[in-house]
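All remarks here apply to the structure that follows.
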Amino acid sequence: MMKLRNLLVIGGLAVLGAAFTSCSKEENLFESEAALEQQKVEYEASFVKKYGAIDPNQTWDFSSMRATYSLPSTSNAARTRTGEEAVEVALTGGRNEDMTIEKSVIDQIREELKAGKNNTVLGSPFYMVSQENSFTIVPVYQGQAGYYWQLYMNVGGVEQLIWEKGDIEYKTSANGKWNKLGKSAKVPDNTFAIKTPKFTYTATKDVPMYFFLKVWTNGTGNGTANYRLTSLDQMMLAMNWLQKPAGVPADNTATIIGCEDGTDMDYEDLVFMMYGKPAPPVNHVDEVEVSQGKRYMMEDLGADYDFDFNDVVVDVTNTYKKKVYYKYNENNALVFDREEEIAGTRKQEAIVRAAGGTLNFTLTIGTKTWTKSPKFTVTDMLNTGVNNSELNFNGVLDRFTIDDNSWIPSENNISVTVEGRGPNQGVKTITFPRKGSAPMIIAVDPTNEWMRERSSVPTDWFTTED
């Protein structure tokens, strides 16, 4: 579970008045505005008792709005690069024998991609196009990187895990023993050779493909990846001028690709090679689809303050297209210049992931509304792990378009209106919390997992040591 931005602890339990101790959490709390206000006071007192006093400047939007890039309209039935009729994409293959990478190749990578230097000018956003023949992918170098990552490729919408960080061996002399590198180490400076696996694939011909890293900032790979970085958003460099390892057949072409994990832009965190007869050609990206979103977690729609923040979990996403422009540098090489949003391409979508409350509610995002009933039974707890059921963090209870693009991410204009169980028990509306108040809604990145039913979010989501 990723750790959210810290809540500032400013002292002991806040004194909110003794009144909350005498108020029961029964349905009659919905009967008057005074009762609803009393419930709000009680909720804040319970929150402070569990997590500590709230700094007046604390906000509750922990999302990064990190952009995710993809090729426009990629799906498992992808169009070819020429725009012809859609075809079903097939991708087969996997790991085979190892390859040895010699010292001269390692030294050249270190020279071209100097650790700690911003090497962005060496390349541009790119994608490739699958050929009729097979192609082989080989990790050739692992640089200094505290994060953990996995290398994937996307071929016409089909995503394939290729390699996980640390699965590489090295030796420091011709007759030395092979040593496992592991997840947290870089290839040592005195490395004589690297032994690394090869992965050979065959894909449907003439289909756009690109690479991406899934990145875990915890360095372990536990939990859900925090974000992904791709060859489409200038987080990878394609270099076809570097030396080919001796293990590559002489009649094959090869491209060496440097990857950035999102910290210093030196692109030496992972370096891998792709070769074939020929290798899939590298193409400049002319247009990309960009997605940015938040996950809203909501609490408490019932009467028990369990702070699991799963009474409603909804992902809201902005998606739009960008045009990519290039320029020639002083060496007459075509490099990235800028990218601009294409007018009229923006769309917004919401996906309801979980609903743990047992009261009916209406969710409002911008001007769009969605109600739990009649689509679902009001009292059903959906995708919250109730009764030890499995949580599906990719589960979709429902999805809907926000037709007028009225969600404003910076304003978090989202609310939920909860109905009492009877006709005379009123409603309460929960809005995104103001600064310094106890939250009933928080915003996080869409990769952040929610809690099981009756499992409070950990204290370290909200607190830090003094």
Exposure ranking of Lys435, Lys214, Lys114 by accessible area [1.4 Å probe, largest first]:
Lys435, Lys114, Lys214
Got a sec? Charge dipole of the range 147-249, +1 on Cβ for Lys and Arg, -1 for Asp and Glu; which of Asn190, Val155, Val207 is way out at the positive end?
Asn190
Given the protein chains as shown and a 1.4 Å probe, how many square angstrom of Val121 are accessible, to the nearest 10?
110 Å²
Positive-end residue, the range 210-368 charge dipole about Cα centroid, Cβ charges, pick of Ser291, Thr317, Ala333
Ala333
With labels modelled as points extended 7 Å from the Cα through the Cβ direction, what inter-label distance (nm, one decimal) is found for Lys205 paired with Glu97?
2.9 nm
Please give the length that would be gained between Lys327 and Ala174 if that part of the chain were fully extended, namely 0.36 nm times their separation in residues minus their C-alpha to C-alpha distance (nm, one decimal).
50.6 nm
Helix 103-112: angle to the longest alpha-carbon principal axis of the chain, degrees 0 to 90, nearest 10?
60 degrees
How much length would be gained if the chain were fully extended between Thr367 and Val121, taking 0.36 nm per residue of separation minus their Cα-Cα distance, in nm to one decimal?
84.2 nm
Among Pro278, Ser406, Asn387, whose Cα lies farthest out toward the positive end of the dipole of the chain, if unit charges sit on the beta carbon of Lys, Arg (+1) and Asp, Glu (-1)?
Pro278
Consider the candidate values (i) 179; (ii) 224; (iii) 148; state which one is volume of the Cα convex hull per residue in Å³ computed from the structure displayed.
(i)
Would you list which aspartates and glutamates come within 14 Å of Lys177, measuring only between C-alpha atoms, while excluding same-chain residues fewer than 8 positions from it?
Glu169
At 1.4 Å probe size, what's the solvent-accessible area of Asp264? Round to the nearest 10 Å².
60 Å²
Among the lysines, select those whose C-alpha is under 20 Å from the C-alpha of Lys277, and discard any that sit fewer than 8 residues away in the same chain.
Lys198, Lys205, Lys244
Rounded to 10°, Cα long-axis angle of helix 33-51 versus longest principal axis of the chain
50 degrees
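At a Förster radius of 60 Å, what calculated FRET efficiency corresponds to the Cβ-Cβ distance of Lys49 and Ser134, to the nearest 0.05? If you can, show how the numbers build up before the last one.
Working: r = 62 Å, r/R0 = 1.03.
According to the calculation, E is roughly 0.45.
If each DSSP helix of 4+ residues adds -39,500 (n - 2.57) and the sum is divided by the residues in the chain, what number results at 222 nm, nearest 500 deg cm²/dmol? Intermediate values should be presented prior to the final figure.
Values: 2 runs with 29 residues, N = 466.
Estimated from H runs of four or more residues: -2000 deg cm²/dmol.
Let me have the relative contact order for the range 325-466, percent, based on Cα pairs under 8 Å that are six or more residues apart. Working shown, then result.
Values: 191 pairs, mean separation 30.7, N = 142.
Over the range 325-466, the number comes to 22 percent.
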Order of exposure, largest accessible area first, which applies to Arg434, Arg338, Arg295 with probe 1.4 Å
Arg434, Arg338, Arg295
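Explain nothing, just the number: relative contact order of the chain, from Cα pairs under 8 Å at least 6 residues apart, as a whole percent.
On the way: 1136 pairs, mean separation 93.2, N = 466.
Relative CO of the chain lands at 20 percent.
Let me know the charge dipole size of the chain about its Cα centre in debye, to the nearest 20, where only the beta-carbon of Lys, Arg (+1) and Asp, Glu (-1) is charged. Could you put the intermediate results ahead of the total?
Working: 47 positive and 62 negative charges, 163 e Å.
Result for the chain is approximately 780 debye, rounded to the nearest 20.
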Give me the aspartates and glutamates in straight-line cross-link reach of Lys435: C-alpha distance below 14 Å, same-chain residues under 8 apart excluded.
Glu44, Asp55, Asp61, Glu411
Mind checking the full-extension length gain between Asn405 and Met65? Use 0.36 nm per residue of separation minus the Cα-Cα distance, one decimal, nm.
120.8 nm
What percentages make up the Cα-Cα pair-distance distribution of the range 157-235 when the bins are 10 Å wide from 0?
14, 35, 33, 17, 2
May I ask you to work out the translational diffusion coefficient for the range 320-381 at 10 °C, viscosity 1.306 mPa s, via Stokes-Einstein with Rh from the Kirkwood sum over Cα pairs, reported in whole µm²/s?
100 µm²/s
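The values are calculated or read from the model by the stated rules, or taken from the named source; none is laboratory data. Owing to the predicted nature of the structure, the values given are computational and were not obtained by experimental measurement. FYI the Cβ positions are ideal-geometry reconstructions off the backbone, even for glycines, and counts take in every protein chain you see. Quick note on the areas: whole protein, heavy atoms, side chains included, nothing else; ligands and nucleic acids left out. Shrake-Rupley method; radii C 1.70, N 1.55, O 1.52, S 1.80 Å.
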